[in-house]
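Only the coordinates and a few stated rules stand behind these numbers; no lab work does. Owing to the predicted nature of the structure, the values given are computational and were not obtained by experimental measurement. Here the Cβ positions follow ideal geometry from the backbone for every residue, glycine too, while neighbour counts run over all protein chains shown.
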Amino acid sequence: MVSPTQVPDVVLNNGVTVPQVGLGVFKVPDDATQQNVEQALEAGYRHIDTAAGYYNEAGVGAALRASGLRRDEIFVTTKLRNGDQGYESALQAFEDSREELDVEFVDLYLVHWPVPSKDLYVETWRAFEKLYADGAARAIGVSNFLPEHLARLLAETDVVPAVNQIEVHPTYQQRATQAATRAAGIAVEAYSPLGRGADLGHPAVAAVADAHGVTPAQTILRWHVQSDRIVIPKSVDPERLASNIDLFGFALSPDEVAAIDALDSDARLGSDPATAAFSQYPA
Ligand SMILES: NC(=O)c1ccc[n+]([C@@H]2O[C@H](COP(=O)([O-])OP(=O)(O)OC[C@H]3O[C@@H](n4cnc5c(N)ncnc54)[C@H](OP(=O)(O)O)[C@@H]3O)[C@@H](O)[C@H]2O)c1
């Protein structure tokens with residue numbers, strides 16, 4: 001187990017701190033989520049990333065209650081489904097998430113996708129600003145926002161997002177979006193940080209892993225940590241879960257970081273934020 005104190009905090013632009021390594025629970029069935037999150041808390045995680053569209057917020061909430069930890073010891077992120085964008089519908093969806101999680105407040109609430117074809121993300125952000133002003137969300141942010149979507153929010157609304165959660169892994173680094181995010185004072189959070197497993201077999205990753213006697217996953221996650229990204233790997237395997245946060249007993253050299261930087265090859269795995277428009281309601 002890693003002591004939670006070994007995991008650095010990232011300070012967001014409103015002063016709220018978030019443990020740099022968290023657990024993602026995308027695709028974990030609700031009835032398996034409580035056990036997955038409990039095992040993560042045992043292993044030293046204090047940051048959990050879920051979403052209304054994952055349909056497992058209740059499992060996360062059950063683990064929080066069963067853990068015996070104080071609510072303020074665990075950082076919880078959830079996200080607004082695309083089909084719930086709009087001012088009133090976002091406020092209602094937040095209440096539904098809060099009920100599912102059974103929490104007084106959410107640490108970070110994210111607009112899951114911009115859905116530019118619906119043109120509702122500015123109006124939606126106004127609802128997020130209200131939730132933030134009310135203290136219902138300690139920080140608000142976005143996910144899958146490209147530079148043009150960030151620019152519009154910055155121009156037309158008041159609160160600068162605290163986080164932009166985007167797909168980043170060795171073979172898909174989105175450098176322009178990372179740069180635009182950071183330039184606005186917004187923290188970069190990497191989703192699918194292992195490339196959903198696809199980047200683990202890369203020979204360049206294996207070479208660095210062998211040099212340090214760690215796993216390819218630890219190598220990639222350490223690369224994210226040293227690149228100042230918040231990172232949320234998913235694993236339902238207790239050993240992989242534990243090793244994915246055991247990242248603080250070794251460090252990559254600048255050359256090793258550069259060798260992984262060099263793997264960028266535009267290999268996006270997820271949907272294209274410019275066109276994605278699915279509702280995230282059950283099919
Ligand atoms: N905002 C968004 O639109 C968005 C989109 C996608 C994901 N996310 C978030 O990001 C989180 C992580 O992304 P992700 O789940 O897509 O992908 P990921 O974390 O890059 O990869 C997860 C995959 O890698 C495997 N894995 C994990 N640790 C491993 C290890 N040490 N060795 C070998 N294999 C390992 C997992 O299998 P096992 O479980 O069997 O270990 C799983 O198949 C999600 O859970 C979610 O919270 C957000």
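Observations, loosely collected:
- Cα-based values for region 155-283, radius of gyration first and Dmax second, are 15.7, 49 Å.
- P(r) weight above 32 Å for the chain, C-alpha pairs, percent: 19 percent
- Region 239-275 residues near the modelled Ala211 label - backbone nitrogen below 17 Å, point 7 Å along Cα→Cβ: 249-264
- Computed lengthening from Asp96 to Ala66, 0.36 nm per intervening residue step minus Cα-Cα distance: 8.7 nm
- In terms of other Cβ atoms within 10 Å, Asp72, Asp107, Asp261 run from fewest to most in the order Asp72, Asp261, Asp107.
- Estimated FRET transfer efficiency when R0 is 25 angstrom, pair Glu73-Asn14 (beta carbons, to 0.05): 0.80
- In sequence order, calculated HN-Hα J values of region 130-137 (Karplus, 6.51, -1.76, 1.60; Hz; x Gly/Pro): 5, 4, 5, 4, 7, x, 6, 10
- Over 13 Å [Cα-Cα, region 63-111], rounded percent: 57 percent
- Close amide H contacts of Tyr191 (hydrogens built in the peptide plane, cut-off under 5 Å, sequence separation of 5 or more or a different chain): Ile166, Glu167, Val168.
- Arg240, Arg222 arranged by Cβ crowding within 10 Å, fewest neighbours leading: Arg240, Arg222
- When region 9-131 is reduced to its Cα atoms, the Kirkwood hydrodynamic radius in Å: 14.8 Å
- Residue order, fewest to most beta carbons within 10 Å, for Glu189, Glu167: Glu167, Glu189
- Point-to-point label distance, Ala283-Arg126, nm (Cα→Cβ direction, 7 Å offset): 3.6 nm
- Put simply, the Cα atoms of region 56-194 extend 42, 36, 24 Å along their principal axes, the longest span coming first.
- Ser3 versus Arg175: modelled label distance in nm, points set 7 Å from Cα along the beta carbon direction: 3.9 nm
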